[in-house]
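K.L.:
Pasting a structure here, questions to come.
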Amino acid sequence: MACEEDRKDGNNPSSKVGDKCWKKDNATLSLGGSSTELVRLKGDGPGSEWRKKDDDGTRIAQLASSERHNGDDNGEYWRVTTPDGTRYYFGYNRLPGWSSGKQETGSVFTTPVFGNHSGEPCHASGFKDSWCRQGWRWNLDYVVDPHANAMAYYWAKETNRYARNVDDSTGKGTPTSYIRGGYLKRAEYGLRSGSVYSAKAAAKVDFTVAERCVKTSSFDCAAGKFTKSNAAKWPDVPFDQYCKKGDDCAGNASPSFWSRKRLTQITSSALVDGAYQKVDSWKLAHSFPSTGDGTAPPLWLKSVTRTGHTGSKPVTMPSVTFMGQQLPNRVEHAVDPIPPYNRYRVHAINTETGGTVGVTYSKPDCKAGSLPSPKSNTKRCYPVIWSPPDAPGPDWSRTRTGSTPTSPSR
């Protein structure tokens, strides 16, 4: 949580800082296409046991090991065991059989966190020394089933910097690196738990990314061109939160979490006679359609094109294309003057076989002047936690329900 919201009995300086402070363990698990809040069953910190909020028998352990070397201050990672005995590891980093020179999974994203109270992690007598790097996201990187079949996932990290422990009198802090986000690079399948590093996977999937940038004939979107003068070329990337190595990070007193990357290709391969052979690939094309309300356009998935690579010649299918319509993301006039933050929503999908899937949305049931109570809200809107500058209260965002009847219109 923000240190400014955790000042009572802490060793915080009298001036305001933008750092993150320790409050308590809390976690959410995303696995198997669903997310759930975790509830601590017993223990505290490494060695504690957790359960899903809607317990289905899954056993969850919060563990730590200095051997993991995953970037977290004490090597914290998670083990999730489902009722069928399959174990999912998050943040394991050095998989079984690792030795010097072997690849690590890079699965833990960390940021500086201050322990500003006695008994909290990394606490010291002075606030400026009461910090260490704590995991804020542990990504899935190792799976093993009861028969010792295994899978491994490898991640790329995106780094940023911010001004740590800003001195109110000078407005300066210490430029400090952290992991602002990342993406999956590769998934390996058909491994055995006893030979993760010594034997090749039977199959793998590689993920290719590119900059979230508007590429033109005169601008190639090279990563090194992400500068203030070119910031508009990255329309949905917060350049004002970026601090490159060597800068003093003035104005960036808090860590922020975002990505400059977009997924452009997925390639599956199978191991054939000791070498990997492509099986299928999918190319993803994107655009930045105008919102029509003056706000910066966000990334839009325009199409997905599949190519089969088996046989003597690759075969490319017609593209799956996505048609969008502008719909407001907030309740109009709830807090003004604020634009509606229009965002594209899928209203038609043209399939690779010539059909069309149509999507319709229900009408909004929230309006300014008759907003529901957040505690008893059953409508398709909700209050957002942030308040725009100088706004009188929290803003309200719309939610939408849609139906997707198929219609072979071609």
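The values are calculated or read from the model by the stated rules, or taken from the named source; none is laboratory data. Keep in mind it's a predicted model, so treat the numbers as computed, not measured. For neighbour counting, all protein chains shown are included, and Cβ atoms are generated from backbone atoms with ideal geometry for every residue, glycine included.
K.L.:
Any idea how many residues of the stretch 257-277 are in contact (Cβ under 8 Å) with a residue 60 or more places away in the chain and either surrounded by fewer than 17 Cβ atoms within 10 Å (Cβ to Cβ) or not polar (S, T, N, Q) (or both)?
P.N.:
First, the residues of the stretch 257-277 that are in contact (Cβ under 8 Å) with a residue 60 or more places away in the chain: 257-261, 263, 266-271, 274, 276.
Retained after the next criterion (residues that are either surrounded by fewer than 17 Cβ atoms within 10 Å (Cβ to Cβ) or not polar (S, T, N, Q) (or both)): 257-261, 263, 266, 270-271, 274, 276.
Matching residues across the stretch 257-277 total 11.
K.L.:
Can I ask one more? Please work out which residue is farthest from the chain's Cα centre (by Cα), limiting yourself to the stretch 64-95 and to residues that are within 23 Å of residue 187 (Cβ to Cβ) and aliphatic (A, V, I, L, M).
P.N.:
Checking each candidate, the answer is 95.
K.L.:
So which residues in the stretch 203-229 are within 16 Å of residue 154 (Cα to Cα) and either surrounded by fewer than 13 Cβ atoms within 10 Å (Cβ to Cβ) or of a type outside the set (D, E, K, R) (or both)?
P.N.:
203, 205, 207, 208, 209 - these are the residues of the stretch 203-229 that are within 16 Å of residue 154 (Cα to Cα) and either surrounded by fewer than 13 Cβ atoms within 10 Å (Cβ to Cβ) or of a type outside the set (D, E, K, R) (or both).
K.L.:
It is to be established whether one or more residues within the stretch 154-173 are among the hydrophobic types (A, V, I, L, M, F, W, C), at pLDDT 95 or above and within 30 Å of residue 61 (Cβ to Cβ).
P.N.:
Yes, that holds for at least one residue.
K.L.:
Quick check: anything in the stretch 192-199 exposed (fewer than 15 other Cβ atoms within 10 Å of the Cβ) and under 27 Å from residue 257 (Cβ atoms)?
P.N.:
Within the stretch 192-199, none of the residues are exposed (fewer than 15 other Cβ atoms within 10 Å of the Cβ) and under 27 Å from residue 257 (Cβ atoms).
K.L.:
Any residue at all in the stretch 240-261 that is part of a helix (DSSP H, G or I) and either farther than 30 Å from residue 86 by Cβ or touching a Lys or Arg at 6+ places or on another chain (Cβ under 6 Å) (or both)?
P.N.:
Taking the stretch 240-261 first, the residues part of a helix (DSSP H, G or I) are 240-241.
Still in the list and also either farther than 30 Å from residue 86 by Cβ or touching a Lys or Arg at 6+ places or on another chain (Cβ under 6 Å) (or both): 240-241.
Within the stretch 240-261, one or more residues are part of a helix (DSSP H, G or I) and either farther than 30 Å from residue 86 by Cβ or touching a Lys or Arg at 6+ places or on another chain (Cβ under 6 Å) (or both).
K.L.:
Further question: Just for the stretch 96-129: of the residues that are under 27 Å from the mean Cα position of the chain (by Cα) and of a type in the set (Ser, Thr, Tyr), which one is farthest from residue 192 (Cα to Cα)?
P.N.:
Step by step, filter the stretch 96-129, then rank; the result is 111.
K.L.:
Taking the residues in the stretch 91-117 that are hydroxyl-bearing (Ser, Thr, Tyr) and assigned to a strand (DSSP E or B) as candidates, determine which candidate is surrounded by the most Cβ atoms within 10 Å (Cβ to Cβ).
P.N.:
The qualifying residue surrounded by the most Cβ atoms within 10 Å (Cβ to Cβ) is 111.
K.L.:
Scan the stretch 278-297 and give yes if some residue there is within 25 Å of residue 111 (Cβ to Cβ) and surrounded by 14 or more Cβ atoms within 10 Å (Cβ to Cβ), otherwise no.
P.N.:
No - not one qualifying residue is present in the stretch 278-297.
K.L.:
Pick from the stretch 350-383 the residues that are of a type in the set (A, V, I, L, M, F, W, C) and in contact (Cβ under 8 Å) with a residue 40 or more places away in the chain: which of them is nearest to residue 299 (Cα to Cα)? Lay out the reasoning, then the answer.
P.N.:
Keep residues of the stretch 350-383 that are of a type in the set (A, V, I, L, M, F, W, C), which gives 357, 359, 366, 368, 371, 381.
Applying the additional criterion that residues be in contact (Cβ under 8 Å) with a residue 40 or more places away in the chain yields 357, 359, 371, 381.
Details: 357: 22, 359: 20, 371: 30, 381: 23 Å.
Only one residue fits best here, namely 359.
K.L.:
Next question, about the same structure. What's the total number of residues in the stretch 22-40 that are of a type in the set (Lys, Arg) and surrounded by fewer than 16 Cβ atoms within 10 Å (Cβ to Cβ)? Steps first, answer last, please.
P.N.:
First, pick out the residues of the stretch 22-40 that are of a type in the set (Lys, Arg): 23-24, 40.
The next check asks that each one be surrounded by fewer than 16 Cβ atoms within 10 Å (Cβ to Cβ); those that pass are 23-24.
Within the stretch 22-40, residues that are of a type in the set (Lys, Arg) and surrounded by fewer than 16 Cβ atoms within 10 Å (Cβ to Cβ) number 2.
K.L.:
With respect to the numbered conditions (1) under 17 Å from residue 139 (Cα atoms); (2) in a strand (DSSP E or B), which one is the sole condition not fulfilled by residue 39?
P.N.:
Residue 39 satisfies all of (1) under 17 Å from residue 139 (Cα atoms); (2) in a strand (DSSP E or B) except (1).
K.L.:
Go over the candidates 292, 311 one by one and state the one that is in contact (Cβ under 8 Å) with a residue 24 or more places away in the chain, assigned by TED's automatic domain parsing to the domain that holds residue 169 and at positive phi.
P.N.:
Just a single option satisfies the conditions, and that option is 292.
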